[in-house]
Amino acid sequence: MGSTGKVLGVGIVAGCAVAMCVVAGMMVGKRVRNRRRWRRVVKVLEEFEEGSATPVEKLRQVVDAMAVEMHAGLASEGGSKLKMLLTFVQNLPNGSEKGIYYGLDLGGTNFRVLRVQLGGRRSAILGHDVQRQPIPEHLMTSTSEELFDFIAASLQDFVEKEGNGSEILQSKIRDLGFTFSFPVKQTSVASGILIKWTKGFSIPDMAGKDVSGCLNQAMARRGLDMRVTVLINDTVGTLALGHYHDEDTVAAVIIGTGTNACYLERSDAIIKCQGLLTTSGGMVVNMEWGNFWSSHLPRTSYDIELDSESPNPNDQGFEKMISGMYLGDIVRRVILKMSQESDVFGLASPKLSTPFILRTPLIAAMHEDDSPDLREVARILREILEIGNVPLKVRKLVVKVCDVVTRRAARLAAAGIVGILKKIGRDGSGGIASGKIWGGSQGKMKRTVVVVEGALYTSYTVFREYLNDAITDILGEDISSQVVLKVMEDGSGIGAALLAASYSASSQDTLQLLNI
């Protein structure tokens, strides 16, 4: 080989070496960039996790804040974020009720009528029939008379299908428990004034009218021998159902799409209504706890954005952190932030910017995906958010986001429950209620039952486990062993009928305020 050939050979080798170095450099550079992108995504998660932390010390601060706000709400109207509404319900069912009673549940675009037959022995519901009916859309914006005439006609149709045993009721007026899930100012156990319509209803002539009166008049127009014996919301119905099955039930919590709680309070603790007439010494208070707020709640930038963009900013702060309506959207917002910080999710999907596209049942499905390659996570990202080919390690990151959101919600809900127990002296601290209305003895924790309804608790296993564990964390093993959380179903229906039974033979259904 000539000198020219040698030079050419050396040049080729050198060129190859340079090219290899360039390629290697590019590969190293790409790995470095990938690591940086990954670190940015992980940082988003770490900051969110830190901001959402619920150590037991913080939970106990939330417990104390809840109890303080409850005191304030009972002391004066508008004295607290918690409305602490009087329900006038003082007689909870105890299992001795006998006969056939009715429930009407109106809470949205459908309503249900049901009938229960009670045998006079605790837990003995001998029969239970239900009929569901959609409300024609035009009636949602018509007149109160037309709406309640339609409901009364459905009730009459339901009664006429009664069948065996109906003869014994012909000479007796039928008692109806009415669950009305719209804002109402309660004036007695069986009456209340509509404050405003929600959920797509808009019937102007109902403003300021007694809801039960409208239904009673409609039933009278049809010749139906039935009267509204109790007017309640779904949370009170759940408490009634729980107490029917277990007399140690002191509170009810609903944790589903929305959230609320109610409990039995001593009458002498309801300072804002010292003119209250009550013979039992206690009354069920509807907390409307979705509006609870405290500086101790672990709020993040995602919560602030969700609140500011909601139809009701600075309202329902607790609900926006713990209820099923909002958890999925918090997860979406965190994933969106990750996608803005890095391309780990590939090309940005416009679906990620769609509010409430990721519903809470979907985050439950991703969170509880136990397949080795997280197939369900991949499917939901692909089908709902239109994000395909997501690497396994990114899918694991999504599951972690679901976990942080769910854990925080469950533990805060648990703190709310313990806050109620603290207020009534059932948290082991020997509070002022101990030994009074509840009949507890000093130094010994009395068995305490809290009934829970709502799909977030009943259907989302991880949420339920986190909540139960947090109760133990806050109270300790000894005291929490005396606190029982029981799942209830259909408080708004069966619970309403049971309360109708409680008040059917009671003179207490005229309980009112002296000073209204």
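The values are calculated or read from the model by the stated rules, or taken from the named source; none is laboratory data. Given the structure is predicted, the values throughout are model-derived calculations rather than measurements. All Cβ positions, glycine included, derive from the backbone under ideal geometry; neighbour counts span all protein chains shown. Surface areas here come from the heavy atoms of the whole protein model, side chains and all, with no ligands, DNA or RNA. Shrake-Rupley method; radii C 1.70, N 1.55, O 1.52, S 1.80 Å.
How do the pairs read when you match residues in the range 433-460 that are under 23 Å from residue 71 (Cα atoms) and open to solvent by less than 30 Å² (accessible area, probe 1.4 Å) with residues anywhere that are of a type in the set (Asp, Glu) and modelled with pLDDT of 50 or more, using Cβ under 6 Å and keeping only pairs 6 or more apart or on different chains?
Short answer, once both residue conditions are applied: 449/246; 449/248.
Confirm whether residue 295 is open to solvent by 10 Å² or more (accessible area, probe 1.4 Å) and over 15 Å from residue 415 (Cα atoms).
no
What's the total number of residues in the range 304-336 that are closer than 22 Å to residue 83 by Cβ and either in a helix (DSSP H, G or I) or open to solvent by 10 Å² or more (accessible area, probe 1.4 Å) (or both)? Show your work before the answer.
In the first step, residues of the range 304-336 are kept if they are closer than 22 Å to residue 83 by Cβ; the result is 307, 310-326.
With the extra rule that they be either in a helix (DSSP H, G or I) or open to solvent by 10 Å² or more (accessible area, probe 1.4 Å) (or both), the set shrinks to 307, 310-317, 319-322, 324-326.
The number of residues fulfilling the criteria is 16.
Exactly one of these conditions fails for residue 69: (1) out of contact with any Ser or Thr (no Cβ under 7 Å at 6 or more places or on another chain); (2) at pLDDT 95 or above; (3) among the charged types (D, E, K, R). Give me its number.
With (1) out of contact with any Ser or Thr (no Cβ under 7 Å at 6 or more places or on another chain); (2) at pLDDT 95 or above; (3) among the charged types (D, E, K, R) applied to residue 69, the lone miss is (1).
If I ask for residues that are buried (at least 19 other Cβ atoms within 10 Å of the Cβ), in contact (Cβ under 8 Å) with a residue 60 or more places away in the chain and hydroxyl-bearing (Ser, Thr, Tyr), which ones from the range 60-116 would you list?
Listed by number, the residues that qualify are 87, 101, 102.
What are the residues in the range 266-280 that are modelled with pLDDT of 85 or more and in a loop (DSSP other than H, G, I, E, B), if any?
Once the filter is applied, which keeps residues that are modelled with pLDDT of 85 or more and in a loop (DSSP other than H, G, I, E, B), the range 266-280 yields only 270.
For residue 383, all conditions in the list (1) at pLDDT below 95; (2) open to solvent by 60 Å² or more (accessible area, probe 1.4 Å) hold save one; what is the number of the exception?
With (1) at pLDDT below 95; (2) open to solvent by 60 Å² or more (accessible area, probe 1.4 Å) applied to residue 383, the lone miss is (1).
Could you tell me whether residue 162 is modelled with pLDDT under 90, open to solvent by 40 Å² or more (accessible area, probe 1.4 Å) and not small (Gly, Ala, Ser)?
no
In this structure, is residue 202 open to solvent by 10 Å² or more (accessible area, probe 1.4 Å) and closer than 27 Å to residue 315 by Cβ?
On the way: open to solvent by 10 Å² or more (accessible area, probe 1.4 Å): yes; closer than 27 Å to residue 315 by Cβ: yes.
Yes, satisfied.
Anything in the range 205-217 that is over 19 Å from residue 109 (Cβ atoms) and either open to solvent by less than 20 Å² (accessible area, probe 1.4 Å) or at pLDDT below 90 (or both)? List them, or say none.
207, 208, 212, 213 - these are the residues of the range 205-217 that are over 19 Å from residue 109 (Cβ atoms) and either open to solvent by less than 20 Å² (accessible area, probe 1.4 Å) or at pLDDT below 90 (or both).
Is it the case, given these coordinates, that residue 283 is in a strand (DSSP E or B), at pLDDT below 95 and not acidic (Asp, Glu)? Explain how you work it out, then say what you get.
Details: in a strand (DSSP E or B): yes; at pLDDT below 95: yes; not acidic (Asp, Glu): yes.
Yes: the conditions hold for residue 283.
Return the pair list, or none, for Cβ contacts closer than 7 Å from residues in the range 123-138 that are without any contact (Cβ under 8 Å) to a residue 12 or more places away in the chain to residues that are surrounded by 12 or more Cβ atoms within 10 Å (Cβ to Cβ), at least 6 apart or on different chains.
Taking only residues 6 or more apart or on different chains, the pairs are 126/117; 126/118; 126/119.
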